[in-house]
Amino acid sequence: MDQNATMGMRIKMLRKEKKYTLKQLAEESGLSIGFLSQLERGMSSIAVDSLARIASILGVSLSTFFADSQVTSQDPVAHSSELHWNPDGPEIVQAMLSKNLYGFDILPRIFHLMPSAGGQETETVIHRHTGEEFIYVLEGVVTVYHNEREYTLYPGDSIQIHSDIPHNWFNRTNKMASLLSVSYPNPFKEEKKAAPAEEKTE
C-alpha cells in the first residue's frame, strides 16, 4: 500500500474513532463531502493547512501524518539523503526542508509532480486559506492557477501569492516537475501555539 492510501486510511480510522460522519467533518473543516471521500481513498491532494484543520478536529497532531524523525532534530541541516517523502496527492509527493517544523514561522518544502499530475482531474481542486506562498520551479514546467488565471512557469521562474486568493498548481506535461515552496504561516508552529489554549478548555 502506498503512502497516499495509508494517509487516507489513517484519516478515515481517526474519523470513525471520533464517531464523525463525512458530513460532520465536512461542515467543521469547510471541505466538501466529495473531497473528503476521495481523500480517504487516497485519490485527492490536500494542502497542509487543510490537513491541519482535519488533525485539530480529530484531536491529533499534524505530525501524526508525517515522519516523526522530521518533526524536530538537534541537527539543523536537512540532508538530502534523509528527506522523508510524503504523498500530497495521487501523483505528487512532498518533503519538508526543515528539521524543526515547530520552530519557525515559515514552512519550506519541495514537491515532485509526476507527469500529468492533476492534469487529468475531472474537477480542479482550488485552495484558499490564510497566509502567503512563494513558489520557485526547479525542474520541468508548472502551471499555476491564481485568481482565475493560469500562468506557465519554467525552471528558474517564481511566483509569490497571497494564499487567500484561489490558487493551485499542476504538472500538465509528460515529464516530471519539481518546485520549491515556502509558505507562511507554518501550520506546525500554529498548531503548537494553539495547543495550550485548547488544553485549558478541555
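The values are calculated or read from the model by the stated rules, or taken from the named source; none is laboratory data. Predicted, not measured: the structure shown is a model, and the values here were computed from it. Don't worry about glycine lacking a Cβ; one is built from the backbone with ideal geometry, like all the others, and counts go over all protein chains shown.
Points to keep in mind about this one:
- Scanning region 127-181 for residues that are of a type in the set (Gly, Ala, Ser) and either part of a loop (DSSP other than H, G, I, E, B) or touching an Asp or Glu at 6+ places or on another chain (Cβ under 9 Å) (or both) gives Gly131, Gly140, Gly156, Ser163, Ala177, Ser178, Ser181.
- In region 65-84, the residue that is nearest to Gln38 (Cα to Cα) out of those that are surrounded by fewer than 17 Cβ atoms within 10 Å (Cβ to Cβ) and at pLDDT below 75 is Ala67.
- Against the numbered list (1) more than 17 Å from the chain's Cα centre (by Cα); (2) in a helix (DSSP H, G or I); (3) not aliphatic (A, V, I, L, M), Lys19 comes up short only at (2).
- Applying the condition of being in contact with a Pro (Cβ under 9 Å, 6 or more places away or on another chain) and not in a loop (DSSP other than H, G, I, E, B) to region 85-117 and asking which residue is modelled with the highest pLDDT yields Leu107.
- Residue identified as within 15 Å of the chain's Cα centre (by Cα), crowded, with 18+ Cβ neighbours inside 10 Å, more than 18 Å from Glu190 (Cα to Cα) and modelled with pLDDT of 75 or more among Leu25, Leu62, Leu31, Leu51: Leu31
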